[in-house]
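Each remark here refers to the structure printed beneath this line.
Bear in mind that the values in this text are calculations on the coordinates, not laboratory data. A quick note: this is a predicted structure, and the numbers were derived from the prediction, not measured. So basically every Cβ, Gly included, is an ideal-geometry build from the backbone, and we count neighbours across all protein chains shown.
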Amino acid sequence: MVRFRTGWFYIDSFADRNTENSILGYEFPSTWWQSINALFIIVLSGVFAWLWLKLNSMKKEPSTPMKFAIGLLLAGVGFLILVPAASIIESTGGRVGVHWLLFVYFTHTVGELFLSPVGLSAMTKLAPHRIVGQMMGIWFLGAATGNFIGGRIGGLFESFPLKSIFLAVFVYCAISALVMFLLVPWIKRLMGEVK
């Protein structure tokens with residue numbers, strides 16, 4: 001969760017400084033971008049609920065740790081999408097179109113839907129009954145820590161080329177996803193019968 005959350009600062013800054021915030025001639029404040037994730041979650045959460053049920057009925061639903069690994073990979077892919085956008089900005093000195101951020105937010109939201117509700121469900125299933133509330137608190141502490149780290153390293157946005165930052169965040173997420181993919185069998189054994 002920490003790795004997933006650290007990159008949001010960069011996306012918000014990118015929306016503000018580097019994206020053409022207008023559609024069909026109508027300009028809007030860059031803060032509106034923060035609503036896109038919520039909109040995608042509302043639209044896609046039912047799709048994912050149906051997908052998990054359908055895959056489960058076919059005995060093909062990915063395990064919880066596999067969903068985590070996929071979510072981390074999608075977080076990285078979202079930043080990889082911004083690498084060519086950053087190249088355009090660096091070569092033209094201008095701003096990029098809204099479609100870049102729409103693709104990023106869509107990819108990140110899909111990744112979040114692989115991670116967040118699945119993680120919350122796993123916390124309630126795996127934690128001893130008497131400390132479920134504390135475990136949920138620790139889950140959200142992970143999200144808060146990611147937001148804190150993202151804010152603290154936000155100064156890099158000014159210090160390094162955008163392309164380098166987005167590529168570094170992609171590599172960070174991809175390595176985390178690879179480690180998670182490698183740990184899936186071990187974590188599944190630790191989880192026992194819990195799905």
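Determine, from the Cβ-Cβ distance of Leu120 and Ala168 and an R0 of 22 Å, the FRET efficiency 1/(1 + (r/R0)^6), rounded to the nearest 0.05. Please list the in-between numbers first.
Details: r = 29 Å, r/R0 = 1.31.
Efficiency for this residue pair is about 0.15.
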Radius of gyration and Dmax over the Cα atoms of region 60-108, both given in Å
14.3, 47
From the residues Pro128, Ser30, Leu80, which one has its Cα farthest along the dipole of the chain in the positive direction, the dipole being from +1 and -1 charges on Cβ of Lys/Arg and Asp/Glu about the Cα centre?
Pro128
Note down the magnitude of the dipole of region 1-159 about its Cα centre, charges +1 on Lys and Arg C-beta and -1 on Asp and Glu C-beta and zero elsewhere, to the nearest 20 debye.
800 debye
For the chain, the fraction of alpha-carbon pairs in successive 10 Å shells from zero, as %
9, 32, 34, 18, 7, 1
Show that you can apply the helix-only estimate: for the chain, add -39,500 (n - 2.57) for every DSSP H stretch of four or more residues, divide by all residues, and state [θ] at 222 nm to the nearest 500.
-26500 deg cm²/dmol
Could you list Leu73, Leu24, Leu51, Leu182 so that the one with the fewest beta carbons within 10 Å of its beta carbon is first and the one with the most is last?
Leu24, Leu182, Leu51, Leu73
Folded to 0 to 90 degrees: helix 64-92 orientation relative to the chain principal axis, Cα
10 degrees
Using the 10 angstrom Cβ neighbour count as an exposure proxy, how do Glu158, Glu20 rank, fewest first?
Glu158, Glu20
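For Cα pairs less than 8 Å apart in space and 6+ apart in sequence, what is the mean separation divided by the residue count of region 70-184, i.e. the relative contact order in percent?
Numbers: 87 pairs, mean separation 54.1, N = 115.
Over region 70-184, the number comes to 47 percent.
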Based on Cα positions only, what radius of gyration and what Dmax would you give for region 104-195, in angstroms?
16.2, 49
For the chain, the longest principal axis of the Cα atoms and the Cα long axis of helix 8-18 enclose an angle in degrees, to the nearest 10, of 20 degrees
Mind listing the long-range amide H neighbours of Val96? Cut-off is under 5 Å, sequence gap 5 or more, other chains count too, H placed in the peptide plane at 1.01 Å from N.
Thr19, Glu20
Quickly work out the Glu158-to-Ser13 label distance, labels modelled 7 Å from Cα along the C-beta direction, and quote it in nm with one decimal.
0.9 nm
FRET E, pair Ile131, Val179, Förster distance 41 Å, beta-carbon r, rounded to 0.05:
0.95
Rounded to 10°, Cα long-axis angle of helix 132-152 versus longest principal axis of the chain
20 degrees
Quick check: pseudo-label points 7 Å beyond the Cα along Cα→Cβ at Ala38 and Lys54, how many nm apart are they?
2.9 nm
